[in-house]
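A short worksheet on the structure shown next.
The values are calculated or read from the model by the stated rules, or taken from the named source; none is laboratory data. These numbers come from a predicted model, not from an experiment. With ideal geometry, Cβ positions are generated from the backbone for all residues, glycine too; neighbour counts draw on all protein chains shown. Please note that ligands, DNA and RNA were not included when accessible areas were found on the heavy atoms of the full protein model with its side chains. Shrake-Rupley method; radii C 1.70, N 1.55, O 1.52, S 1.80 Å.
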Amino acid sequence: MRTHELLEGIKPGKPAINLSVGEPQHPIPPFVGPVLAAHLNDFGRYPANKGIDEFRKTVAAWLGRRYQLTRPLDPESEVLVLNGTREGLFLGAIAAKRFVPRRAGKPAILIPNPFYAAYSAGAAAADCEPVYLPTTKQTGFLPDLDAIGDDLFARTAAFYIASPSNPQGAVASLDYLTRLTALARRFGFLVFADECYCEIYLSGDKPRGMLEASGPDFANVIVFHSLSKRSNLPGLRVGFAAGDCRFLARFLELRNVAAPQVPVPAQHVAIAAYNDETHVEKNRALYVAKFDLADQIIGGRYGYRRPSGGFFLWLDVSAQGGDEVVTQKLWREAGLRVIPGHYLARDGADGLNPGLGYIRVALVHDKETTAEAIHRLVAVLG
């Protein structure tokens with residue numbers, strides 16, 4: 001909405017290319033239509049809110065293949081279907097406040113800054129104080145755990161962490177995740193790990209997962225996954241939460257009254273998607289090719305660095321006039337729609353906005369469109 005208002009009344013100088021929304025434009029997997037057709041009659045019944053047995057078993061098996069877990073997850077108690085990650089990340093905050101032990105002061109929810117909007121919306125709905133943790137170049141684009149005092153941890157209900165992060169594409173190490181797990185158990189808060197970009201990695205090294213850092217009982221840890229990025233299915237609205245069985249039981253109680261069930265045919269598509277890696281590998285190769293283009297065309301301009309994961313460029317345009325000025329300039333002269341970085345963040349306790357001076361550029365289109373867009377961007381900004 002803020003970007004729309006910023007650009008209102010400005011005509012694009014060239015045919016428009018929308019790089020502002022993280023909506024994958026790659027083809028959907030070929031099995032989607034046939035699987036839906038085979039299960040059309042299942043639209044005629046109410047599904048269980050926790051998910052059908054086959055879906056939860058498939059997810060548990062996929063997590064066991066994808067990550068180095070201490071033990072397999074129990075699909076009955078440690079996996080829960082979601083309407084994509086947004087719903088789960090939002091409602092999770094409400095459930096977290098009810099679940100954690102009494103806090104030492106007003107309950108807080110810690111949020112990486114910049115951040116996905118569902119995190120702060122969840123904090124507000126839970127009547128918790130959102131505390132924005134700066135993720136800058138100096139911190140490796142992840143929250144600096146050493147900068148958080150024990151007094152804040154003692155009143156924390158939940159700590160959101162995204163790896164790969166949105167928008168910078170930073171990937172947390174296993175040591176980082178292990179340390180965060182230890183803090184959660186020491187102070188009694190939950191870690192909500194948003195891992196929806198986990199299959200879009202650009203160096204050949206798979207991002208490690210929060211469940212790998214949580215030991216055999218997965219206590220205090222919940223991971224959130226989606227098919228939106230992994231399988232180019234943002235409209236399917238299927239994802240899952242997995243981890244701490246005690247919390248998931250409480251979370252399911254909330255979802256039973258506050259969230260719609262996930263249609264059974266959609267769950268069967270998800271089953272097929274989690275049982276197939278070929279389409280994921282092809283999808284990842286397309287993103288790698290587009291970042292190869294960015295490496296070649298952008299080079300060292302605008303503080304560009306090839307991220308470890310995700311599909312965003314996070315470009316420092318402070319020397320080109322700042323994020324709002326550049327957003328307007330790219331639309332007016334090049335027909336490129338991007339997002340000013342400070343729209344994705346909040347002012348911190350020090351009054352600084354860690355997104356100020358950056359733009360986020362989503363490389364979600366095909367390779368040809370992406371090449372055109374990056375050439376236009378460089379031509380305008382120099």
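General remarks:
- The residue that is most open to solvent (accessible area, probe 1.4 Å), counting only those in the range 195-223 that are out of contact with any Leu (no Cβ under 6 Å at 6 or more places or on another chain) and part of a strand (DSSP E or B), is Y201.
- Scanning the range 345-358 finds no residues that are open to solvent by less than 50 Å² (accessible area, probe 1.4 Å), touching a helix residue (DSSP H, G or I) at 6+ places or on another chain (Cβ under 9 Å) and among the basic types (K, R).
- Filter result for the condition that a residue is in a loop (DSSP other than H, G, I, E, B) and within 19 Å of A170 (Cβ to Cβ), over L142, L89, L133: L142
- Selection status of A126, surrounded by 24 or more Cβ atoms within 10 Å (Cβ to Cβ) and touching a strand residue (DSSP E or B) at 6+ places or on another chain (Cβ under 9 Å): no
- Test result for I222, under 17 Å from A93 (Cβ atoms) and either under 14 Å from the mean Cα position of the chain (by Cα) or touching a residue at least 40 places away in the same chain (Cβ under 8 Å) (or both): yes
- Lone qualifier among V262, V269 - being part of a loop (DSSP other than H, G, I, E, B) and either out of contact with any Pro (no Cβ under 6 Å at 6 or more places or on another chain) or buried (at least 24 other Cβ atoms within 10 Å of the Cβ) (or both): V262
- Filter pass, G348 being at pLDDT below 95 and touching a strand residue (DSSP E or B) at 6+ places or on another chain (Cβ under 8 Å): yes
- Flag if R155 is out of contact with any strand residue (DSSP E or B) (no Cβ under 6 Å at 6 or more places or on another chain), open to solvent by 40 Å² or more (accessible area, probe 1.4 Å), basic (K, R) and free of Cβ contacts under 8 Å to residues at least 60 places away in the same chain: no
- Among the residues of the range 197-219, none qualifies, meaning not one is among the acidic types (D, E), touching a residue at least 24 places away in the same chain (Cβ under 8 Å), closer than 30 Å to P30 by Cβ and touching a strand residue (DSSP E or B) at 6+ places or on another chain (Cβ under 7 Å).
- Among the residues of the range 1-57, those that are over 26 Å from K229 (Cβ atoms), small (G, A, S) and free of Cβ contacts under 8 Å to residues at least 40 places away in the same chain comprise G9, G44.
- Reported count of residues in the range 57-80, each being of a type outside the set (A, V, I, L, M, F, W, C) and within 13 Å of L248 (Cα to Cα), is 5.
- All positions within the range 13-44 that are of a type in the set (D, E) and either within 30 Å of E368 (Cβ to Cβ) or open to solvent by 50 Å² or more (accessible area, probe 1.4 Å) (or both): E23
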